[in-house]
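A.B. asks: Pasting a structure here, questions to come.
The values are calculated or read from the model by the stated rules, or taken from the named source; none is laboratory data. What you see is a predicted model, and the numbers here were worked out from it, not measured in a lab. Methodologically, a virtual Cβ is constructed for each residue, glycine included, from the backbone with ideal geometry; neighbour enumeration extends over all protein chains shown.
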Amino acid sequence: MELPSCLLPGKLEEREIVRLMRVIMKETKPVICICHLLPFLLAISAAVESTCTRRCGDVDIPFPFGIEQDCFLSRFHVVCNSSKLYYGDIQILNIYPDASRATRLQKVPLVHPQDNNNSTGVHISSEMDLTGSPFRFSEYRNNFAAVGCNVVAFFNTSTLDAFVDTRYGRSCAALCNDAANYIDVINGSCSGADGCCQIGDIPWGMQQFTSYIILDFAGFSGSPSQNSSCLFSTLVDRYSFNASSDLRGCDLYELYQGQFPVAVDWSISNASCEDAKLNPTTYACRSRNSYCNDPFPGYSCSCNYAYEGNPYIEDGCSGANIFIFTIQIFKLKISVCHIPGCYGMCLDNRTCECPPGTRGDPSRPNGCSEKNTRISKFLSPVNPISSNCFISYNAKIKVCLKSSVIIGNIFMIISASAGGSVLICSAIVALWRILKKRNLQNRKKKFYRRNLDLLKKEQSSTDEIVTERMKIYELDELEKATNYFDKTRVVGGGGHGKVYKGILLDQRVVAIKMPKITNESELGQFINEVFILSQTNHRNVVKFMGCCLETEVPLLVFEFISGGTLSDHLLNHEQFSPLSFEDRLRIAYEVARALSYIHSEASITIFHRDVKSSNILLDERNIAKLADFGASRAVTCDTNSVTTIVQGTYGYLDPEYHQTGRLTDKSDVYSFGVILAELLTGTTAIPYQINNEVRHLVMDFIASLKDNSLPEILDPLVLEEAKEEILGKFSRLIERCLKLNGTERPTMKEVEEELEAMRAKKPKASPNGPGVTASCLDLGVNSLGGTSAFFYTCLDLEANSLEETALIDSSM
C-alpha cells in the first residue's frame with residue numbers, strides 16, 4: 001500500500017519507516033488513524049541520524065549555518081577545523097538561532113607605545129570589519145571596554161540606519177590611583193577609576209569598528225600609562241566579560257589569552273520582511289510558530305512568544321509538546337531499550353512491563369495478552385516483527401509494545417473525552433488570560449511605585465511635587481500612540497535605547513523615548529534625566545511633556561522635532577540643505593541661550609555634560625532645541641562644581657574636567673566652543689582618520705590660528721557669506737571658549753551676549769562684496785591659552801562691540 005502524502009518520510013531512512021508503517025497499518029484502520037500517527041513518526045524520525053554535520057567540537061551548528069553542501073543558506077557556510085568552528089577566518093564560539101545571534105572570538109593586540117618611537121599620541125588598538133558578511137555588531141550585547149592606566153580610549157565608526165549614514169564615536173577614560181596598574185573588573189563591568197573603563201552606548205547597525213588609545217591627552221604624558229605593560233581596547237560581549245577583582249598587570253589579558261568574545265547579529269538577506277514573504281521558496285522563516293523582523297537592512301527570524309528553538313527550520317519553534325505529554329500520561333515513554341529478555345515495554349530503561357490494556361509475563365515472547373475481549377475482536381491479530389518489537393536499526397530504538405492495543409486504547413480515550421477536553425482547554429485559556437491580565441496590572445503598579453520612589457529620592461520631595469510638574473501617562477495610551485511600539489515608528493536611537501514617533505488621542509505628535517537599561521546605575525541616570533527635565537522650561541530646550549512610570553524603566557514623552565540634528569545639517573548635504581551663515585549664527589545664539597538658562601536661570605543649576613551637535617535638534621524652521629540630559633548633573637545654587645566619574649563624548653570633552661574629574665559650568669562652555677568650530681568649518685569634532693593619521697577639529701582649528709591659515713579649514717559657504725568683522729569676532733570667541741584653564745573661559749551668559757551683539761551687526765556680507773580672504777584673517781596664537789592678533793585694516797573691531805570682553809593684546 002502506498003503511503004499518503006502526510007506521512008512521507010522526506011530525507012529520513014525510508015526503509016525503516018515504511019517497514020514500521022506496514023506492520024501498524026495491518027493492525028489498525030488506516031483510513032481513520034493514519035494521519036494521527038504523524039507525531040509518533042516524528043518522534044522516531046527525530047532520532048534518525050542527519051546527513052548534515054550539526055556539531056563541531058563543543059559548538060552546535062544550527063541551520064541556516066552548515067558545513068556540507070545543501071546544509072546551509074547562502075552566506076552562512078562555516079568550516080570545522082580541529083574541533084573549532086570558523087566563518088572565514090573568524091572563530092565562532094556559539095550560535096543562537098532564535099535570537100539570530102552568534103558569538104565570535106576577536107584577537108586584540110596590545111598597544112606598545114615604544115613602537116615606531118611613538119610613546120605618546122594616538123594608537124590604534126583594535127579593528128574589526130564585518131562588511132560583506134551577514135553580520136553586524138550587536139548593540140544590545142556588546143560593551144566597549146578599555147584597560148590601561150590614565151589613558152583615554154575611543155572608537156569611531158559609520159552606521160547605516162533607515163535614515164542616514166552617520167559617523168559615530170564615543171570615549172571613556174581609564175584612571176589609576178597609583179602606578180600599580182590595578183584593574184577592577186567585576187561581573188562584566190568596570191568603573192573607570194581603577195584601570196578599566198567601559199561604554200554600553202553601542203550604535204545600531206555597526207559593521208565596522210576601530211578603537212584608539214591616547215596616552216598624552218590632557219596632561220597624562222609621563223603618567224603611569226607610559227609604564228603599563230598591557231594597554232588595549234575592544235568591543236566585548238558584556239555577558240562573557242566576567243572576571244574577579246584584584247587583577248594586576250596583564251592578568252585580564254592573559255585570562256582571555258588576548259582573544260575576547262564579541263556578539264554579532266545576522267540578517268538573512270538585504271530584503272525587508274515584506275519583500276521576502278513575496279517569494280515563499282526562499283523565505284527563511286520556515287517554522288509555523290515563527291515571525292519575521294527587520295530592524296536592520298535585511299531581515300531575521302524569531303520564534304513566537306512562549307515558543308523556543310530554531311525558526312529557520314520546519315517545526316523548529318516548539319512550545320508545550322502535546323504528544324509527549326499524552327504519552328507520559330499513559331506511561332508510554334519510549335526509549336533505547338537495554339533490558340535483556342524484555343518482550344513487553346521498556347519504561348525509562350528501568351522496568352519491563354506489559355503495555356497498557358494487556359497483562360501477562362513480559363519476559364516471555366507473546367507473554368502479554370489483551371484484557372478487553374471487545375478490543376481484541378475489534379482489532380486484527382498481531383503479527384509482530386521480532387517478538388512484539390519494532391526495531392529501527394539506524395535510530396537504534398527498540399519500541400516494545402503491541403501497537404494494536406496501545407493505539408486502539410489511545411484513540412478510544414481521546415474520542416470519548418474530546419468534548420470534555422474542549423471545555424477544559426477553554427477554561428484553562430480563560431483562566432490564563434485572567435491571570436496574565438492580573439499579573440500585568442501588578443507589574444505596572446510595582447514599577448510605578450518603584451520609579452516614583454526613585455524620583456522622590458532624587459529630589460527629596462513628595463508625590464504631589466513630583467507629579468505636578470509633568471503629566472503621568474498610562475502605558476496603554478503610549479502603546480496605542482505608537483501602534484504598540486511598531487518597528488516602523490522608530491525615528492532614532494542608539495546604545496541607550498530607541499525613540500518612537502507617537503500620535504496621542506488629541507492628535508498631538510510626540511517623541512517617546514524607550515531606554516535600554518542594563519544595570520541599576522544606568523536606571524539611576526535615567527531617573528536623574530526625568531527629574532532634570534521636569535525642572536526645565538525654555539523655548540530652546542526640547543519640551544518635556546511627561547513620562548510613563550508603569551514600565552521597568554520610565555518612558556519619556558517629548559515634543560516631536562522633525563528637522564533632524566545639527567550634526568545632520570552640517571554633514572549630510574544629500575538629505576539636508578546647507579545652513580547659511582546667518583542660520584549658523586542664530587543657532588549658536590539659541591544654544592547659548594539654552595545653556596545659559598540651565599546654568600543660571602532654571603529652578604536648579606544644571607551642568608549638561610554632553611553638549612555636542614548630535615544633541616541639538618532643529619525643528620522645521622531650523623529653531624535649535626537642546627536635548628538629551630541623560631548625563632546631566634543638578635547642583636545646588638551655592639555649588640559651582642561637582643566631582644564625578646568622567647563622562648562625555650571624545651572630541652567635545654573638556655580637558656580640565658577629564659584630568660581632574662571636577663565638572664563645572666565651564667566644561668559645557670568648552671564643549672560649546674567645539675560646536676562653534678563645527679559651525680565655522682562644517683566638519684565633525686569626532687576624530688577621524690585620513691591617510692593613517694587621526695585628525696582632531698580642535699587641534700586643526702588652533703593650528704590654523706597659529707599659522708594664519710584659518711580660511712583653509714573654513715566652510716566655503718561661510719567664507720562667501722560672512723562679514724570679515726563678524727568672522728573675526730566669532731573666531732576669537734571660539735578661542736576663548738577653548739582655553740585649557742576653565743577660569744579663563746567666559747560664562748555662557750557672556751557668550752550669549754557676544755553672539756547677540758554679532759547678530760545685531762548684520763553678519764551677512766553684501767552679495768556684491770568680497771568674502772573673507774586669507775589676508776583679512778591674519779589670526780595668530782602662541783598656544784591654546786594665548787591671545788589672537790587681528791589686523792584693524794580687515795576686521796575694524798570696535799572697543800565695545802563685544803561688551804568689553806574681547807580684549808586686544810596690548811602688545812599689538
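A.B. asks: Of all residues in the range 60-91, count the ones that are among the aliphatic types (A, V, I, L, M) and more than 19 Å from Ser300 (Cα to Cα).
C.D. replies: We begin by selecting, within the range 60-91, every residue among the aliphatic types (A, V, I, L, M); these are 61, 67, 73, 78-79, 85, 90.
Keeping just the survivors that are more than 19 Å from Ser300 (Cα to Cα) gives 67, 79, 85, 90.
Count: 4.
A.B. asks: Continuing with the same structure: Considering only residues that are part of a loop (DSSP other than H, G, I, E, B) and without any contact (Cβ under 8 Å) to a residue 24 or more places away in the chain, look in the range 263-296 and name the one that is farthest from Ile92 (Cα to Cα).
C.D. replies: At the first step, the residues of the range 263-296 found to be part of a loop (DSSP other than H, G, I, E, B) are 267-272, 277-289, 294-296.
Subset that is without any contact (Cβ under 8 Å) to a residue 24 or more places away in the chain: 277-283.
Numbers: Lys277: 29, Leu278: 32, Asn279: 30, Pro280: 30, Thr281: 28, Thr282: 25, Tyr283: 25 Å.
Among those residues, the one meeting the criterion is Leu278.
A.B. asks: Checking Thr683 against (1) touching a Gly at 6+ places or on another chain (Cβ under 8 Å); (2) not in a helix (DSSP H, G or I): exactly one of these is not met. Which one?
C.D. replies: Looking at each condition in turn, Thr683 falls short on (1).
A.B. asks: Every residue in the range 530-546 that is part of a loop (DSSP other than H, G, I, E, B) and aliphatic (A, V, I, L, M), please.
C.D. replies: Pass one, the range 530-546, residues part of a loop (DSSP other than H, G, I, E, B): 534-540, 542-543.
Within the range 530-546, just Val542 meets the criteria.
A.B. asks: If you check Thr605 against the conditions, is it hydroxyl-bearing (Ser, Thr, Tyr) and surrounded by 19 or more Cβ atoms within 10 Å (Cβ to Cβ)? Outline the logic, then answer.
C.D. replies: Details: hydroxyl-bearing (Ser, Thr, Tyr): yes; surrounded by 19 or more Cβ atoms within 10 Å (Cβ to Cβ): yes.
So Thr605 passes the test.
A.B. asks: Would you confirm whether any residue within the range 718-728 is among the charged types (D, E, K, R), touching a Cys at 6+ places or on another chain (Cβ under 7 Å), on the phi < 0 side of the Ramachandran plot and surrounded by 16 or more Cβ atoms within 10 Å (Cβ to Cβ)? Before you say what the answer is, go through the steps one by one.
C.D. replies: Taking the range 718-728 first, the residues among the charged types (D, E, K, R) are 720-721, 723-725.
Still in the running and touching a Cys at 6+ places or on another chain (Cβ under 7 Å): 724.
Okay, now just the ones that are also on the phi < 0 side of the Ramachandran plot, so 724.
Going one step further and asking which of them are surrounded by 16 or more Cβ atoms within 10 Å (Cβ to Cβ), we end up with 724.
Yes, the conditions are met somewhere in the range 718-728.
Yes/no per residue for (1) surrounded by fewer than 17 Cβ atoms within 10 Å (Cβ to Cβ); (2) among the β-branched types (Val, Ile, Thr); (3) more than 18 Å from Arg539 (Cα to Cα); (4) touching a His at 6+ places or on another chain (Cβ under 9 Å):
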{"residue": "Glu552", "(1), (2), (3), (4)": "yes, no, yes, no"}
{"residue": "Val557", "(1), (2), (3), (4)": "no, yes, no, no"}
{"residue": "Leu571", "(1), (2), (3), (4)": "no, no, yes, no"}
{"residue": "Val591", "(1), (2), (3), (4)": "no, yes, no, no"}
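A.B. asks: Is there a residue in the range 335-344 that is farther than 26 Å from Ser74 by Cβ, assigned to a strand (DSSP E or B) and at pLDDT below 65? Walk me through it before giving the result.
C.D. replies: Filtering the range 335-344 down to residues farther than 26 Å from Ser74 by Cβ leaves 335-344.
Checking which are assigned to a strand (DSSP E or B) leaves us with none.
Scanning the range 335-344, I find no residue that is farther than 26 Å from Ser74 by Cβ, assigned to a strand (DSSP E or B) and at pLDDT below 65, so the answer is no.
A.B. asks: Here's another thing I want to ask about it. State which residue is surrounded by the fewest Cβ atoms within 10 Å (Cβ to Cβ) when the search covers only the range 509-542 and only residues that are closer than 20 Å to Tyr597 by Cα and modelled with pLDDT of 90 or more.
C.D. replies: Let us first name the residues in the range 509-542 that are closer than 20 Å to Tyr597 by Cα, namely 528-542.
Then keep just the ones that are modelled with pLDDT of 90 or more; that gives 538-542.
Values: His538: 17, Arg539: 12, Asn540: 19, Val541: 23, Val542: 24.
Top of the filtered list is Arg539.
A.B. asks: Exactly one of these conditions fails for Tyr597: (1) under 30 Å from Ile726 (Cβ atoms); (2) within 27 Å of the chain's Cα centre (by Cα); (3) of a type in the set (Ser, Thr, Tyr). Give me its number.
C.D. replies: Of (1) under 30 Å from Ile726 (Cβ atoms); (2) within 27 Å of the chain's Cα centre (by Cα); (3) of a type in the set (Ser, Thr, Tyr), only one is false for Tyr597: (2).
A.B. asks: Then there is this: Mind checking whether some residue in the range 622-634 is closer than 20 Å to Phe730 by Cα and buried (at least 20 other Cβ atoms within 10 Å of the Cβ)?
C.D. replies: There is at least one residue in the range 622-634 that is closer than 20 Å to Phe730 by Cα and buried (at least 20 other Cβ atoms within 10 Å of the Cβ).
A.B. asks: Looking only at the range 594-602, decide whether some residue is among the charged types (D, E, K, R) and modelled with pLDDT under 90. Explain how you work it out, then say what you get.
C.D. replies: Quick first cut of the range 594-602, residues among the charged types (D, E, K, R) only: 601.
Imposing the further condition that a residue be modelled with pLDDT under 90 reduces the set to 601.
Scanning the range 594-602 turns up at least one residue that is among the charged types (D, E, K, R) and modelled with pLDDT under 90.
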